[in-house]
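Trainee: Just dropping this structure here.
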Amino acid sequence: MSEHEGGASPRDSLRDAEETAQSGESAGSADSAAAAQARERAARIAAQRAAADAAIAAVAGGKQALSAMTSAAAAAAKSASEVESKRKAEREALATEEAAEAAGEAGEVEAGQEEATVAEVSEVADVSEVEPDVDEHESAVPTYAPTRAPEPEIQPDYPAPASPERPPARTARIAPPPPAPTRLLGPAEPLDESIARWLAAEGAPQSFTDVLRAEFGEGAEAGDRLTENPWLILELPGVRPTAADNLARHLLDFESPEQLRADPRRGRALVSALLQRAARLGHTASPADAVSRDLAEFGVPDPAGAIADAVEIGAALVFADRIALAAEAEKAQPADDAAQSEAAEFEAVDTADDDDPETMLTSPYTLLALDNWAFLEQSAAEAVQRLLATATPTDKETADGADRLTPAAGDAAEAERVDRVTQAAAECGVTLVTGATVELPGLVAAAFPDAVLATPSPAGLRALAAAGFAAVDLRALSEHTERFEEATVVVVADAQLVPLELGVDLLELLPDDAHLVLCGDPGSLPATGPGRLLRDLLEIDDPEFGGALPRVELKRRPTGPLTSLVDAVRYGGLPPMDLLGDGQTNEVKIIPVRDPDETRLRTVQLVADSIPRALGFTGDQVQAIALREKGPASAEDLNAALKERLNPGPGVCAGFDAGDRVVVREGGRLQELGLLGGETGTVVAADGAGLRVRFDPPHGDESTADESDGDSVPAAMEPVAIDASLARALRHAWVLTLREAQGGRWPAVVAVFDGGSAAALTRSAVIGAFACAGSHLSVVHGAGSALAEAVEQRPQVPCRTRLAQALRN
């Protein structure tokens, strides 16, 4: 390993120079010490990366490797603790020396100059947080840019009291967090005075204070922990870097903004915060060069040193991006030399990186990841490999049983598609299916004895129930573990909506000889959260892996304007208007609107009058879909207008009356009643004490006997009592959000694309809205040219993951 001057950070170099000057050592000795420190850091980083790769690879060895990995992690944690203790001692010694020097210096940094510099740091953070810029072009290797990509939900800031020192708009940095975790506490102890002042200055809501207490403890305990490292506050949801910096100034004495920025605890915490923010945007890994640039924008003077510190204490894992290296090699070399070029390029870069940790930790060929997502993706890869290796051919249902549920009479093409999928599923441990109809997963499951049919989508559950199939809500996996542990065949509908964590739980739960069929639409809206399980599995096409994963691609010819529209959008374009409005059908109608008021008026008219009158659909057969939940022309806004038209009333309980359509909000407050987010129903009774709601099938999978006539009544038809204190967990449902509608199917759909949501449009979002329509689609179009631009130029929000690499390895 050769010596490189760039191996040491500017902070370490400065410390070496000061020690040399104080001790009177020669320049040659200083160079030797700096070189030794560079070699030591290079060795630590190279060893950490090797240990991380080894630990990740060990997961593929099965359960025995897990215990070894745990031991290695414990040893790494102990080593990290020792390194941190050593660093702390060095910092204390350096601080003592700096204080002694500062005592003899004349003059101090003026307060006004300090505030101006701090405002400059805040400005950098503000721009990165509130001015998202969506890249309009998809690249072969998506670029991670958490400071540019829009977050799914923009969290509002709470204004702080007016202050002559800082404007209220700039001191508000804490967004409302989710409900505090359940924890039985005694009488609350008063928080540290400095922390209390900081909470007041930031305008933090009480719910955030509760989360802070639950995470850091009561009173003096929270004060001690945050005084030791104020930037730990970044681990809480909704806290932004400027707010953490303000807390550090309340708790610690910094002589200048530069000293605050250079604090190594700040750099480490920002690395973790950037990776966590990337995870909220769907990324499970981030290029090191992008993280380094973001750290520089936040004022970190030594980004490579901050990343190195985060890696050393285990706050981030580091990996080589072999896919990016292969892509570069293919550009530079002919196809027949690609394999050799990739190996040579990787070896050259990897060797150079080992000698120069600063280069490695800021390289575009290096990926940084949080350990939980890295191990989840490796676990998914191991489980997929296990199912592929252990599956044995299984028998399909007998002919009599298979005839129980078949495609419509005369649909020979659909019967052939079902047969193709069942043949592949019977042979392979994992089968990927694209282009399936709503009914096809149910038909495939019906072809196997005791097969389990599941979906993660509440709207998908309703669609399968309407088609005559009983499915399990995959989100309630823990309640059905025995069924999955004993299953021979598991068919998952709406597989693109399976989150990575839930998918790993399912894969690890299945026995060795199980057959898993994932039916989904990779072009539609993906699951929330980090990772893209179905998409990554579909992208595997590597000779070293053994080729692509088993898959069945089902294609259909367009049968009318509606299917032609969805097909055109899927391939990145919008068909001519004369094709959609041929005058012979009413399948597609485009209604241009100019502003939220007109959007509201036309949506109410379509849902309440035009579509039922012209096409003969009943109210529950018409579903409106909006891109966002709040704001002008949003789901809440349109629902208020539709309630006034369809079911006016005083809103006797939390704004609801008997006859209202409702949906369960995401968040889990009604889980104790067996209700998950996205379930819909109708209020059958309402008063000041609460509501009684009859939820739509398939809520509840048991049956109860009606003793009066002996008939069996589905439990789903029994109203559920919801106390007034929990009624806020519901929302009106004449209009669903795009996320709530995923997996659903209605005869008529009104898709609302308002101008306020234009920036969030992508091709996958448009497909997700259009594909919900069975016979008729009305598009209330107020997004202008943004709709065509999204379809043509923004297939989906770019997302960087490692599952494909984990499977290749």
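Trainee: Got a sec to turn the phi values of the stretch 236-246 into Karplus ³J(HN,Hα) couplings, 6.51 cos²θ - 1.76 cosθ + 1.60 with θ = phi - 60°, whole Hz, x for Gly and Pro?
Mentor: Each residue's phi maps through the Karplus curve to give 7, x, x, 8, 9, x, 5, 5, 5, 5, 4 Hz.
Trainee: If you don't mind, another one. Gain in length, residue 371 to residue 728, computed as 0.36 nm per residue apart minus the alpha-carbon separation, to one decimal in nm?
Mentor: 124.9 nm
Trainee: Length gain on complete extension for the stretch residue 601 to residue 486, per 0.36 nm per residue less the alpha carbon to alpha carbon distance?
Mentor: Additional length available on full extension: 36.1 nm.
Trainee: Let me ask you something else. Could you give me the ³J(HN,Hα) list for the stretch 796-808, computed from phi with Karplus coefficients 6.51, -1.76, 1.60 and θ = phi - 60°, whole Hz, x at Gly and Pro?
Mentor: So the Karplus estimates, Gly and Pro as x, are 6, 5, x, 9, 9, 9, 10, 4, 4, 5, 4, 5, 5 Hz.
Trainee: If packing is taken as the average count of other Cβ atoms within 10 Å, what order do 386-395, 603-612, 305-314 fall into, highest mean first?
Mentor: 305-314, 603-612, 386-395
Trainee: What is the set of long-range amide H partners of residue 745 at a cut-off below 5 Å, with H atoms built 1.01 Å from backbone N?
Mentor: Close amide H contacts, sequence-distant or interchain: 463.
Trainee: Between residue 793 and residue 224, what is the label-to-label distance in nm when each label sits 7 Å out along the Cα-to-Cβ direction?
Mentor: Distance between label points: 5.7 nm.
Trainee: Related question: Across the stretch 504-517, in residue order, what do the Karplus-derived ³J(HN,Hα) couplings come to in whole Hz, using 6.51 cos²θ - 1.76 cosθ + 1.60 with θ = phi - 60° and x for Gly and Pro?
Mentor: Per residue, the Karplus-derived 3J(HN,Hα) values read 5, 4, 5, 4, 6, 7, 5, x, 4, 9, 7, 10, 10, 10 Hz.
Only the coordinates and a few stated rules stand behind these numbers; no lab work does. All figures in this text were calculated on a predicted structure; none of them were measured in a lab. Note that we place each Cβ from the backbone using ideal geometry, even for glycine, and neighbour counts take in every protein chain shown.
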